[in-house]
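The values are calculated or read from the model by the stated rules, or taken from the named source; none is laboratory data. From a predicted model like this one, the values you see are computed outputs, not experimental measurements. Note that each Cβ is placed from the backbone with ideal geometry, even for glycine, and that neighbours are counted across all protein chains shown. Side chains are part of the model used for accessible areas, which takes the heavy atoms of the whole protein and leaves out ligands, DNA and RNA. Shrake-Rupley method; radii C 1.70, N 1.55, O 1.52, S 1.80 Å.
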Amino acid sequence: QLEESGGGVVQAGDSLRLSCAASGGTFKHYAVAWFRQAPGKGREFVAAADWNALNTYYTDSVKGRCTISRDNAKNTVYLQMNSLKPEDTAVYYCAADTTTGWASRSVRQYDYWGQGTQVTVSS
């Protein structure tokens, strides 16, 4: 199971750190990612990390503002988001791909998902 936390209501320019904790097993061998879904839109890739976090990937709209990291000893992955914008408003989901340690930007690649945490950025 994956469980996200850290969402909330913030103002534009603020920062948030999302956390995703895995329980019932370890995901240290697996690729992990963050996706988001705004009202009326599809689920969108945000960031991903390989099993060792040596390779990380970001969608263009968050590059330079967001950082994905993982602590495999704690079975937790993080998404640090800075300089938040109203267009970042969405439900944020963490995901794990238990078939590989190499990350993908594709939502279809991930087979474990959290329930999501709401991020609302006001202007």
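Which residues in segment 83-123 have a backbone N closer than 13 Å to a point placed 7 Å from the Cα of residue 61 along the Cα-to-Cβ line? Answer for segment 83-123: 85-92, 121. Separation of segment 59-101 from segment 1-48 is 5 Å, based on Cα centroids. Count Lys and Arg as plus one, Asp and Glu as minus one, and take only other residues whose Cβ is under 9 Å from that of residue 31; the net charge is then -2.
Dipole size of the chain about its Cα centre, with +1 on Lys/Arg Cβ and -1 on Asp/Glu Cβ: approximately 100 debye, rounded to the nearest 20.
Note that the chain, at 4 °C in a medium of 1.567 mPa s, gets a Stokes-Einstein diffusion coefficient of 92 µm²/s from its Kirkwood radius over C-alpha pairs.
Lacking any other cysteine beta-carbon closer than 4.7 Å, the following Cys residues of the chain have no compatible partner: 66. With contacts taken as Cα pairs under 8 Å and at least 6 residues apart, the chain reaches a relative contact order of 37 percent. Multiplying the residue separation of residue 1 and residue 105 by 0.36 nm and removing their Cα-Cα distance gives an extension gain of 35.4 nm.
Distance between the 7 Å Cα→Cβ label points at residue 52 and residue 38: 3.7 nm. Per-residue surface analysis assigns residue 50 an accessible area of about 0 Å², computed on protein heavy atoms at 1.4 Å probe radius.
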